[in-house]
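**Q** Let me give you the structure first, and then I'll get to my questions.
The values are calculated or read from the model by the stated rules, or taken from the named source; none is laboratory data. Quantities reported herein were computed from a predicted structural model and do not represent experimental measurements. For neighbour counting, all protein chains shown are included, and Cβ atoms are generated from backbone atoms with ideal geometry for every residue, glycine included. Note: areas computed on protein heavy atoms with side chains; ligands, DNA, RNA excluded. Shrake-Rupley method; radii C 1.70, N 1.55, O 1.52, S 1.80 Å.
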Amino acid sequence: MARRFPIFPVLLSLTALLGAIGVSVAMPASAAVIGGFDFDRAQVSVTGLQVPWGMAFLPDGSALVSERNTGRIMQVRPGQTPTAVATISGVSASGESGLLGIAVSPNYATDQWVYAYFTTSTDNRLVRLRLNAPTTQNVLFSGVPRNTIHDGGRIAFGPDGMLYVATGDAGTTANAQNLNSPGGKILRMTPDGGIPASGQPFANSRVWSYGHRNVQGLAWDNQGRMYASEFGQNNLDEVNQIVAGGNYGWPTCEGSCTNPSFRNPIISWTTAEASPSGLAYANNTLFVAALRGTRLWTVTLNASGGAASALAQFQGAYGRLRAVSVGPDGWLWVATSNRDGRGTPIAADDRIIRVPPAGVSPSPSPSVSPPVDTVPPTTPGAPTAFNVTSSAATLNWPVSTDSGGSGLAGYNVYREQGATDPLLAQPASNSATLTGLTANTQYQVYVRARDNAGNLSGNSTLVTFTTTGGTTTGGCSATGTVQTQWGNGYVIQPLTVTNTGTTGINGWTVAFTLPAGHTITGSWNTTITVSGQNVTARNVGHNGTIAAGGNVQFGFQVSRPNGNTATPSGYTCTSP
């Protein structure tokens, strides 16, 4: 499938996910125009941003863009260098936290208010400011749980003039179902941060909906129906139609479930296909910016506001996509997030891409400097595996080509493994010998080509092989990854438990040792027992059963003395 710029829309197979909720998937007769926008004529209009997160528009047509890690609010115009117009005080940026959502008052012409949502050292909070006095920042709402993960952060004014704020569970899953906690919710409040006088589903509360894990996108259709995009854990991401008082099931449900107390999503994707952040609506279509999925999903709605079909645009063309909005110019604006620590940035990143509406004949955007190669290499051909032993395997695959000018640099070889795919090798040529593999384990591996500008191709097809090593019928292994760390703490996510046997297991226990002075402050998808510095983590009800070669994941957060950079060691796994 084509993965070049201009990128041709790619229809991905969602049959298993969409069929269960009555969504049809069909390739349109013309793939260039989707949802009223001509994706074949997309233009890179802004370059040089630093992890853009939110985007909102001023009456003059320029956009305000929040930068997560710098705490700056940038004013951008197509073809021009971004300009800092404000810096938010007190931003604590680590992992997924920092300066997040931004909104412009619907009455900006008269009140000039700009709203920002961000993480401090103690909470997430909402402030507003005026660009003519940017250092005066009024706190409207504070005390939202914070973490280096699951901070939510999208804010937007609804058609009712109220301000909606999406929050995350901050890594504590119980927050989502606790109506007394603002975490894991969508909040509705007045423009000054107060509780609206009418319309709230819960008395004396800003809570509008609950049971959320990590909402990062909000949008309304032309009938006033509200939608939210939400990160799942390891399996399914979601777009939900939001109703007042609705319970969306987290942490009991990920994706659809049969409990009538919970509302099911209108559409779900695997986390590899999506990891959805920004959300926008136009022309009976939702546009969903996907981070890990490196694509823009277009979801056509049916008469009841459900999903009728879904198509992917820009797959692999621009990397991780964080924000999407319909600008006052009628174009679709899409921002990348390749400098967030999880992407592969090129010199021009981060960027804003604009897509013209169908029927418009745009003149080219003013040229951006410096000129860079934004064309990814072609996708590698199907890999094959041979010489498989108990600890190694050799792969080769048909070569890729690069037409963007920077030249082919080599390949990245990944293992398909849930929420995080580990990088196994980076050969310069079209073959690799993988070493250090686990015996009696099934591996699913794919390849991406990379060029000298840092562009990555799409994923090759998977090759599956199983290492040798005897006839073991049970057993498990545990591997922990430091997702993020700061002076006095860190997050281990994911800690992957793999069934290394040839039959399924029912239940697992992982033991490890914390360095002296380290204390676990939170965990998810496991039950933790601590004795001194010795820790035992056991499965919870929904993740104890692992098929042969399969895996599950959990995580935890640790505090430690400042200056101590040690992390846990000695992970061992046992199963019944």
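**Q** Specify the inter-centroid distance of the stretch 385-456 and the stretch 529-576, based on alpha-carbon positions, in whole Å.
**A** 28 Å
**Q** Quick one: which of 562-572, 188-198, 135-145 comes out on top by average Cβ neighbours within 10 Å, and what's the full order, highest first? Let's see the in-between values first.
**A** Details: 562-572: 12.4, 188-198: 14.4, 135-145: 16.2.
Top to bottom by mean Cβ count within 10 Å: 135-145, 188-198, 562-572.
**Q** Let me ask you something else. With every protein chain present, what is the per residue accessible area of the chain (1.4 Å probe, Å²)? Please list the in-between numbers first.
**A** On the way: 21100 Å² over 576 residues.
On a per-residue basis, 37 Å².
**Q** Using Cα centres only, tell me the gap between the stretch 337-352 and the stretch 192-268 in whole Å.
**A** 30 Å
**Q** Where does the chain land at 222 nm, in deg cm²/dmol rounded to the nearest 500, when only DSSP H runs of n ≥ 4 count, each adding -39500 (n - 2.57), divided by all residues? Spell out each step's value before the answer.
**A** Numbers: 2 runs with 9 residues, N = 576.
Result for the chain, helices only: -500 deg cm²/dmol.
**Q** Calculate the spin-label point distance for Ala428 paired with Ala347, positioning each point 7 Å from the Cα along the beta-carbon direction, and give it in nanometres.
**A** With each label placed 7 Å out from Cα toward Cβ, I get 2.2 nm.
**Q** Carbon and sulfur together cover what percent of the accessible area of the chain at a 1.4 Å probe radius? Can you show the working numbers first?
**A** Working: 10380 of 21100 Å².
On the chain, the fraction of accessible area on carbon and sulfur atoms equals 49 percent.
**Q** Between Ser304 and Asp60, how many nm apart are label points set 7 Å from Cα along the C-beta direction?
**A** Each label point lies 7 Å from its Cα, and together they span 4.8 nm.
**Q** Something else: Using every Cα-Cα pair within the stretch 33-355, state what percent have a distance larger than 26 Å. Before the final figure, lay out the partial values.
**A** Working: 20652 of 52003 pairs.
Tail fraction, whole percent: 40.
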